[in-house]
Structures are given as C-alpha cells and as structure tokens.
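Participant: The structure follows.
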Amino acid sequence: MQKDPKFEGYKSYIMSSYVKYMEAQGARVVPVVWGEPEDVTKDKLKHLDGILFPGGNGDNVDIGRLVFDELKKYNDAGHFYPAWGTCLGYENMIAYTSDVGFDSWGIFDLHHVSLPLKFLKKPMETKMYRGLGPYAYEFEKKNMTYNSHRYGISPETFETD
C-alpha cells in the first residue's frame, strides 16, 4: 500500500470486503480511523452498537487498544457492547487481555486451508450460536473456517487454574 501511488497521502484504509460484509449483515459502517484524535474515537463509540477489529497487517495496535479499553468499560458497566476480531484483530484482542501481551501469540503456519470448527462449549450455551439451535453443529461437520495465518493463539492460553 505504501508504495502504491493511488494511496499517496493516506495513512490508513479499510478493505471494502469488511465494509461489504458488515453491510450485508444489516450494519451501517462507521470507520474508526487510525490517527484521529482520541476524543473523536471515544465520541464515535458512544453512538455505535459494536466493533469489528479487522485483520491484515495494519498498524492499528494503539487505536485498537484504546477502542478495546473503552468497550471493556461499557461492558463492565452492564452495557453489552460486542466486539469481533478477525485474524490480526483477534490476535490483538488476545494480546490486550493477556498477562503476557503479544507474547501470547504462537507460530501456527497454516495457509489457504479450510477446517471444521470444534466447539469447546455447547453452542446453545453461547450468545453467538444459540439462535442457530442444532444447526450450529453443521460448523463441526464441514470445512467452514478459512485459515491463512502465520500466528495464532494456542487453546491452552485460555485455560485457567
């Protein structure tokens, strides 16, 4: 992106696939822009119902941390404010919450592979899959998750004593 002349003068961008995906689900997309003043970002968050932390290799760690910390405040105060992290966005969310930060990432080289989802908890006990009822188990039967990563999070990271 940095060497492509059509992006000259720009510091960040949002892939259209993320916008189209969210709009297809009925969302109205409001960008949280890297480099905008903190008060502008915080004001936007007051008017939104959820956040998508995108993947890719952008330099969005600092603004992501700000947004994540604000969402945590909302949720801790009893206001359900969902967040979804895709690829790097998910990895960053784990690093924001982990005692070891970005050292929570491991190397899991896997590229262009689809795999089934393995539920570690009954899907009907989750907010995300509950509405699907028994259809949620279709995710375990078919290769429905696309994987193309260098880094990832080991399931053991989530185990507690």
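The values are calculated or read from the model by the stated rules, or taken from the named source; none is laboratory data. Quick caveat, the model's predicted, so the values are computed rather than measured. Cβ sites come from the backbone with ideal geometry, for glycine too, and all protein chains shown count toward neighbours.
Conditions tested, residue by residue: (1) over 21 Å from LEU48 (Cβ atoms); (2) aliphatic (A, V, I, L, M); (3) out of contact with any His (no Cβ under 8 Å at 6 or more places or on another chain).
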position: GLY64; (1), (2), (3): no, no, yes
position: ALA83; (1), (2), (3): no, yes, yes
position: THR86; (1), (2), (3): no, no, yes
position: TYR96; (1), (2), (3): no, no, yes
position: PHE102; (1), (2), (3): yes, no, yes
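Participant: Another question, then. Could you please let me know if VAL61 is within 15 Å of ILE94 (Cα to Cα), aliphatic (A, V, I, L, M) and in contact with a strand residue (DSSP E or B) (Cβ under 7 Å, 6 or more places away or on another chain)?
Facilitator: In short, no.
Participant: Against the conditions (1) over 20 Å from GLY50 (Cβ atoms); (2) hydroxyl-bearing (Ser, Thr, Tyr); (3) outside the structural domain of PRO54 (by TED's automatic domain parsing), where does TYR129 fall short? Just the number, please.
Facilitator: So TYR129 meets the others, but not (1).
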